[in-house]
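The values are calculated or read from the model by the stated rules, or taken from the named source; none is laboratory data. It should be emphasised that the depicted structure is a prediction, and the values quoted were computed from it without experimental measurement. All Cβ positions, glycine included, derive from the backbone under ideal geometry; neighbour counts span all protein chains shown. Areas reflect the complete protein model, heavy atoms only, side chains present, ligands, DNA and RNA absent. Shrake-Rupley method; radii C 1.70, N 1.55, O 1.52, S 1.80 Å.
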Amino acid sequence: MSSPLKGIKVLEFTHAVMGPCAGLMLADMGADVLHVEPVHGDSTRRLQGFGTGYFWFYNRNKKSLAVNIKTEEGRKIIYDLVKEYDVVVENFGPGTMDRLGLGYDKLKHLNKRLIYCSLKGFLSGPYEKRHAMDEVVQMMGGLAYMTGREGDPLRAGTSVIDITGGMFGYIGILQALYEREKTGEGGFVKSALFETCAFLMGQHMAYSSQIDYKIPPMPSRVSAWSIYKVFDTKDNDKTFIGIISEKHWERFCEVFNWQDWLADERLKTNNLRIDEREWFIPALEERVKQFTKQEIIEKCEKGHIPFAPISRPEDLFEDEQLNKGNSLMEVDMGGGKITKLPKFPIEYKGTRVEKRLDPPKIGEHTTEVLKGLNIDDATIEKMIAEGIIKTE
């Protein structure tokens, strides 16, 4: 495995998704990431419902320091670490790190090379002191409107803004590391949920500027492609088919043996097929429904036509591409449960990310970190007794 960020040391004050996601990318690319959590553990560890599993997906390849940063002794540990670290990542509420004495304006004086990444709800502006979450900005940023049906806004089916905001934080950190190579100085990086959502909506904003009607949500849209939808199958399943070129249309008709449509002048081009949608799409739905899901897949593969079975998250565990393509890694979820989870989705120099560390137990590396600061055993035991730190 190539580890381009090997040697970069990261202090991570994060929880939930956005911050841990940025830290995960740094860790997967080889950085030494130390997840700083309270002595009772990161609250993400205890999430239930759709939050179940967040901690174990976003915190592999990291170490854990469990310390009470609300105490003077706890902050002293952080101040000593900051002098040796390259990056701080945090995604707590506006002003939280400053109130704790751990904001950028404080820490930059301890280490002029420090890169400090804050992941927030909003960038600088009228909203910057507001708290926000993924679903909040999906609603106010137009994504929920575009995802749901008319009059029924719907959040996307994953934490897409948290994850993308974390990615932008990661990109900002890489930019700062590159600039530091030239200037010798670190700097402040900020990424935010709302502006991330707005960036994703940029294509629709550009669309809106060119029309004199309101943009319809995705389920109500007229697609640019005449065939671009989910079809029912003979065996009561569903399959998506997308025909996005005239060569696709020709091969589509050939593999399904629909020579009559290939010869039909009304269907010669994509735009003509869109004009004929009123009768053409119902007729196509009836024809496709004469085949099973597997038959449709085989024909589309033979014709090199874009298609997709409609999968659930649990189907991905056995997906042939993910397994044979080395895109899953085994992760210890605690309690003896091992599962496969997706790797960093990039090939770099012909290699893929591998797991170096399972998600850490609370304070699993506290002793190791403190000994690296030359803190003796007696002092460590005293801090444990006083609730300042926790070791495994």
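Would you mind calculating the gained length between residue 50 and residue 225 on full extension (0.36 nm times residue separation, minus the Cα-Cα distance), in nm to one decimal?
On the way: separation 175, 0.36 × 175 = 63.00 nm, distance 3.43 nm.
Once the chain is fully extended between residue 50 and residue 225, it gains 59.6 nm.
The Cα-based radius of gyration and maximum Cα-Cα distance (Dmax) for the range 121-220 are 16.3, 53 Å.
With the radius of gyration and the Kirkwood radius both derived from the Cα set of the range 8-88, what is their ratio Rg to Rh?
0.98
In a GNM of the chain with a 10 Å cut-off on Cα contacts, which of 260, 162, 315 has the highest mean-square fluctuation? Greatest mean-square fluctuation among the candidates belongs to 260. Note on residue 361 and residue 83: with the Förster distance fixed at 25 Å, the Cβ-Cβ geometry gives a FRET efficiency of about 0.40. The largest accessible area among 109, 204 belongs to the first residue in 109, 204, and the rest follow in falling order (1.4 Å probe, all chains). Computed on protein heavy atoms with a 1.4 Å probe, the accessible areas place 105, 319 in the order 105, 319, largest first.
Taking every alpha-carbon pair under 8 Å whose residues sit at least 6 apart, the chain reaches a relative contact order of 20 percent. Provide the FRET efficiency to the nearest 0.05 for the residue 245-residue 123 pair, computing r from the beta carbons and using R0 = 51 Å. Efficiency, from the Cβ-Cβ distance: 0.80. By the Stokes-Einstein formula, at 0.692 mPa s and 37 °C, the chain with its Kirkwood radius over alpha-carbon pairs has D equal to 136 µm²/s.
Using 0.36 nm times the number of residues separating residue 204 and residue 3, minus their current alpha carbon distance, what extension gain do you get?
Values: separation 201, 0.36 × 201 = 72.36 nm, distance 3.72 nm.
Answer, rounded to one decimal: 68.6 nm.
The antiparallel fraction among DSSP beta bridges confined to the chain stands at about 45%.
Using Cα-Cα distances under 8 Å and only pairs 6 or more residues apart, what relative contact order does the range 106-236 have, in percent? Mind dumping the intermediate values first?
On the way: 166 pairs, mean separation 44.0, N = 131.
It rounds to 34 percent for the range 106-236.
Here the accessible area is traced with a 1.4 Å probe on the protein chains. For the chain, carbon and sulfur cover 53 percent of it.
Over the chain, give the accessible area per residue in Å² for a 1.4 Å probe, as an integer.
On the way: 21050 Å² over 392 residues.
For the chain, the solvent-accessible area averages 54 Å² per residue.
Which translational diffusion coefficient, to the nearest whole µm²/s, is obtained for the range 263-392 from the Stokes-Einstein equation, given a Kirkwood hydrodynamic radius over C-alpha pairs, 20 °C and 1.002 mPa s? Could you put the intermediate results ahead of the total?
Numbers: Rh = 21.1 Å.
Calculated translational D: 102 µm²/s.
Structure remark: mean-square fluctuation, Gaussian network model of the chain, C-alpha springs under 10 Å; the largest value among 154, 114, 65 belongs to 154. Karplus-based coupling profile of the range 61-69, in residue order and whole Hz: 6, 10, 10, 10, 10, 9, 8, 8, 7, with θ = phi - 60° in 6.51 cos²θ - 1.76 cosθ + 1.60 and x standing for Gly or Pro.
Can you tell me the relative contact order of the range 229-334? Whole percent, Cα pairs under 8 Å, sequence separation 6 or more.
About 36 percent, as a whole number.
Largest GNM mean-square fluctuation among 195, 347, 84, using the chain with Cα springs under 10 Å: 347.
Near residue 15, the amide H atoms lying under 5 Å from its own belong to 91; only residues 5 or more places off or on other chains count, and H is placed 1.01 Å from N. To the nearest 10, the accessible area of residue 160 is 40 Å² with a 1.4 Å probe. A simple spin-label model places the labels of residue 215 and residue 263 4.4 nm from each other, with each point 7 Å out along Cα-to-Cβ. To the nearest 0.05, how large is the calculated FRET efficiency for residue 385 and residue 324 if R₀ is 56 Å and r is the Cβ-Cβ distance? Efficiency computed from Cβ-Cβ geometry: 0.60.
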